[in-house]
Structures are given as structure tokens and as C-alpha cells.
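Below you'll find the structure, written out as C-alpha cells, and then a few comments.
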Amino acid sequence: MTAPRLEIDLGKIRHNARTLVERLGSQGISVTGVTKATLGSVEIARELLIAGVRDLGDSRIENVEAMRRSRVSARMSLIRSPMLSQASRVVKSVDVSFNTELEVIRRLSFEAAKLDRTHAIILMVELGDLREGLLPVDVMAAVREVLSMPNIVLKGLGTNLACRSGVSPDDRNMGKLSRLAVQVETTFDISLETVSGGNSANLDWAFSSSKTGRVNNLRLGESILLGREALHRRAIDGLHTDAITLTAEVIESNVKPTQPTGVLAQTGFYTSPECEDRGDVAQSILAIGEQDVDLGGLQPPEGCDVHGGSSDHLIVTSGAGRIVVGTELTFKLNYGAMLRAMTSPFVAKSFHCASNVSNLRQIA
């Protein structure tokens, strides 16, 4: 098989999605399945829908358009605020967009009127993580203006935490979002369909809080694909953490010292190496690098350790001896590593429904 490649177990992804849909559904919270880390994979999108995910969300209009061309039948959300330059494309392909700028919403209104269609929006609110969103004090004025725009429907409010600053969702900030939703409904005599509380970082809160309030939607990607919550990257009970793995091939195997020779400066990726002299070790080089994956986000197979790399090379050491050239090693990934590997044109994607790919490591 082609290497490097992502091994994607669709059955495990479906199981993870269905489990989260059912657990959150019992609390009145729906799931938007986020496809951005999969490059809008049609195969994965369809598994999410089979599992009971109601809506699909992506941050790139290109991914949404690709899923539309492949006839993925679902309500599509653009979960990053639209670019002004892409407003026409957004209205044509997206049912709901998450917005922060009134100027952008005016352009969406204009483009929707040209097409004689209605476009729904969710206004994002800044609740402490300092990424996107209106300040709470500005929400009411923004809602008033949005409600006056033709061909625009205010679908709800949303927020995002833990992505830029690592702020944890809790009863305090989720309660503030709920109160804002109630205030909007009371002030303008409308009903908000969706109050989107955040992402996979919200799961600890959602599973433990008795005060979920008006929050009735979460946007989930990492927890479905990797089976982990996004605050501490702990495995979620009952979910698979190996639905997506990375396989790469050994192209060099030798015994080399751990201490470099010569005057040290920055590496190719601007870091200053820290080299502990551990004597000679069995070192293998694999045909994959920073251009394809975040090397720091790889969990190697038992008996191996990742010791860095470069744009095209991954270096591992193996305590049990040299690994035969041509051997394939399989790694687990964190979210950042998976995201980069999914979007690399040099990493193949192998889809299957039962995980039957063994680790082919051999010791010389």
C-alpha cells in the first residue's frame, strides 16, 4: 500500500459520533459534526449523518462546496466568519454561517437578495477566549440591526472557547450565553432555534453540569475523530481513540550517536536542538516530515520514540534494535497532527470499516 497514509476506520468514527449524539441528546443538545479536519471528506461526512449527526460544519467554503458537489445531503454551516470576498459563494452553498461582523452580514443579505433566497446566521459572542465574537455589551444592538436586514434570518447565538487562550467552558460562561439568548428573545419577541455553546472542549462541562440552560448545540470534531475531549485530551469513556492512525515507511536504519558533532545553531525549523548524550542508538528515518504532519503530535508504536525530524524526515529510535528498511510503522495522532496530515497531498487516505491493519514493525 501507499505510504505515508492515514488509516481511517469509518466504523469507529460512526460509533464515536453515534455515542456522542445519544449522550448529548439525552440532555437536549444536538451535534454539529465538524468536517474541517478531514478536508471535507465525503466518506466521513456520510458516516456522521448515518450516526445521527444533524448538521455538518466546516470552516472552509471549499470543503462545503466539495461536499455539495458529491451530493452530501445535510444542512451545512460555515463555522468561521465568512470573508467579504466569498459572500456570494457562502450564500449559494451554505445554509447557516457563524458571523461576527455586521458589514459581512450586510453583504450576505445583499447576495441572498440577488439569489432570491434566505440565509441564516448565528451571531458569535466573545466570552473570554479572545478569539472571534461580539462583546456581550454589543449583542443587543447587533441583533436589532440584523433583524432589519432583508433575506437574513437570525438562527441563534454561539460562542467558542479553549481554542486561542484555553479558557474552559463552565457554568459561568455558558450561563452568560444562556442569559443573553433569553434577553434577545424577550427584547425582540423572537425565538432562537440554536444556542451553540462551543466545541469538543465543552464535553466535560456538558456531561457534568446540571445547568446546561439554553445551550442546545455543540460543534464536535476532535471528540468524534479521536475520541478525546479537547481541554486535557483525555480519552472519553466508550469512544475509540484510534479511529485515525498514520502509517509511514522506514527509508534508513542505522546505529548512530545521540550527540551531534560540530558547532550547533538553529535547525531547519528555527529551533535550537537539545541533545542529551545517550550513546549509540538504533535510529530509523521515515519518509514523512513537517510538511506532512506535526511531528510533535505523533505517538509512536511501543518500543519506539520520536526524536524529531525535518521537512521530509521523521526520526525515531528503537530500543530493541534496528528496524528493517521498508518496514511500516503506525502512529496515533493528536488533533494538530491529524489536521496537517489530512490536508497534505502527500499523505494517502485509506478508508475501511474494520480496523485490521497490523503494525508491521520488524526488528533486525
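Return yes when Val293 is in the same structural domain as Pro260 (by TED's automatic domain parsing), farther than 21 Å from Asn254 by Cβ and in contact with a strand residue (DSSP E or B) (Cβ under 8 Å, 6 or more places away or on another chain) and no when it is not. Yes; evaluated as a whole, the condition is true for this residue. Per the listing Leu226, Leu203, Leu218, the residue uniquely in contact with a Phe, Trp or Tyr (Cβ under 7 Å, 6 or more places away or on another chain) and either under 19 Å from Val125 (Cβ atoms) or surrounded by 20 or more Cβ atoms within 10 Å (Cβ to Cβ) (or both) is Leu226. Checked against (1) farther than 14 Å from Ile29 by Cα; (2) in contact with a Gly (Cβ under 9 Å, 6 or more places away or on another chain), Lys211 meets all criteria but (1). For region 1-19, residues that are over 23 Å from Arg80 (Cα atoms) and part of a helix (DSSP H, G or I) total 9.
Elements of the type helices (runs of 4 or more DSSP H) sitting completely within region 22-122 and holding at least 2 residues that are more than 22 Å from Ile236 (Cβ to Cβ) and touching a Lys or Arg at 6+ places or on another chain (Cβ under 6 Å): these cover 87-93. When region 79-127 is filtered for residues that are aromatic (Phe, Trp, Tyr) and within 21 Å of the chain's Cα centre (by Cα), only Phe98 remains.
Taking Pro300, is it more than 30 Å from the chain's Cα centre (by Cα) and either surrounded by 12 or more Cβ atoms within 10 Å (Cβ to Cβ) or not aromatic (Phe, Trp, Tyr) (or both)? Criteria not met by Pro300. Taking residues in region 86-109 that are farther than 21 Å from Ala142 by Cα and outside the structural domain of Arg131 (by TED's automatic domain parsing), and partners anywhere that are among the polar types (S, T, N, Q) and surrounded by fewer than 17 Cβ atoms within 10 Å (Cβ to Cβ), not one pair has Cβ atoms closer than 7 Å while being at least 6 places apart or on different chains. Of the listed requirements (1) surrounded by fewer than 22 Cβ atoms within 10 Å (Cβ to Cβ); (2) without any contact (Cβ under 8 Å) to a residue 40 or more places away in the chain; (3) over 30 Å from Ile122 (Cβ atoms), Gly309 misses just one: (1).
The values are calculated or read from the model by the stated rules, or taken from the named source; none is laboratory data. In this text, all values refer to a predicted model and were calculated from it rather than measured experimentally. Because the Cβ atoms are built from the backbone with ideal geometry, glycine has one as well, and the counts that use them run over all protein chains shown.
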